[in-house]
Amino acid sequence: MDDYQIRQVEKIEDPIWEAIGGGINAFNEEQAGPENAKRICFVVYDSEDKVAGGVIALAYWNWLYIDLMWLRPDLRRKGYGARLLALAEDEAKKLGAQHVYLDTFSFQAPEFYKKQGYRVYGELQDFPKGFQRYFMTKDLVKI
């Protein structure tokens with residue numbers, strides 16, 4: 001261990017991401033095969049062409065991960081969320097995804113996701129204190 005140093009890094013720059021991310025990706029592909037990852041993004045624009053919401057997801061192996069989803073408050077409960085989610089799921093199915101997963105907090109949208117067919121498979125209490133973090137999944141195709 002004398003030849004190596006461990007240092008905390010405040011600003012994670014590209015060479016660090018490339019080394020660590022590239023290293024784990026190479027290892028994962030050795031173990032499980034190519035992930036064929038593809039970003040999926042659908043955006044809601046308002047009449048002034050400003051971003052009013054959207055979904056950012058990642059399809060890899062046979063799964064879709066819903067990374068981020070947000071709508072401006074005035075667009076909520078008007079069907080945009082369900083449409084965004086369905087578009088991301090449909091695009092992922094075209095790429096071979098059979099399942100989808102995400103996480104959400106109790107103060108965010110767990111009931112919305114349940115209405116879209118998602119079920120809770122994991123839960124962390126007091127994350128943050130007084131709230132829960134839910135991990136949810138859904139099958140995209142019948143197996």
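The values are calculated or read from the model by the stated rules, or taken from the named source; none is laboratory data. Just so we're clear, the structure is a prediction, and the values are computed from it rather than from any experiment. We place every Cβ from the backbone using ideal geometry, glycine too, and count neighbours over all the protein chains shown. The accessibility values were calculated without ligands, DNA or RNA, using every heavy atom of the protein model including side chains. Shrake-Rupley method; radii C 1.70, N 1.55, O 1.52, S 1.80 Å.
A compact table of results
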{"quantity": "Subset of region 99-115 [of a type in the set (S, T, N, Q) and either over 15 Å from the mean Cα position of the chain (by Cα) or surrounded by fewer than 15 Cβ atoms within 10 Å (Cβ to Cβ) (or both)]", "calculated": "S106"}
{"quantity": "From the options L58, L68, residue that is surrounded by 11 or more Cβ atoms within 10 Å (Cβ to Cβ) and of a type outside the set (S, T, N, Q)", "calculated": "L58"}
{"quantity": "Residues (open to solvent by 80 Å² or more (accessible area, probe 1.4 Å), more than 21 Å from the chain's Cα centre (by Cα) and under 30 Å from G81 (Cα atoms)) located in region 24-53", "calculated": "S47, E48, D49, K50"}
{"quantity": "Residues (within 18 Å of the chain's Cα centre (by Cα) and either hydroxyl-bearing (S, T, Y) or open to solvent by 100 Å² or more (accessible area, probe 1.4 Å) (or both)) located in region 116-130", "calculated": "Y118, R119, Y121"}
{"quantity": "Some residue of region 2-17 being modelled with pLDDT under 95, open to solvent by 100 Å² or more (accessible area, probe 1.4 Å) and not in a loop (DSSP other than H, G, I, E, B)", "calculated": "yes"}
{"quantity": "Residues located in region 67-108, provided they are in a strand (DSSP E or B) and closer than 13 Å to L140 by Cα", "calculated": "H99, V100, Y101"}
{"quantity": "Search result, residues across region 56-87 that are over 18 Å from the mean Cα position of the chain (by Cα) and hydrophobic (A, V, I, L, M, F, W, C)", "calculated": "L75"}
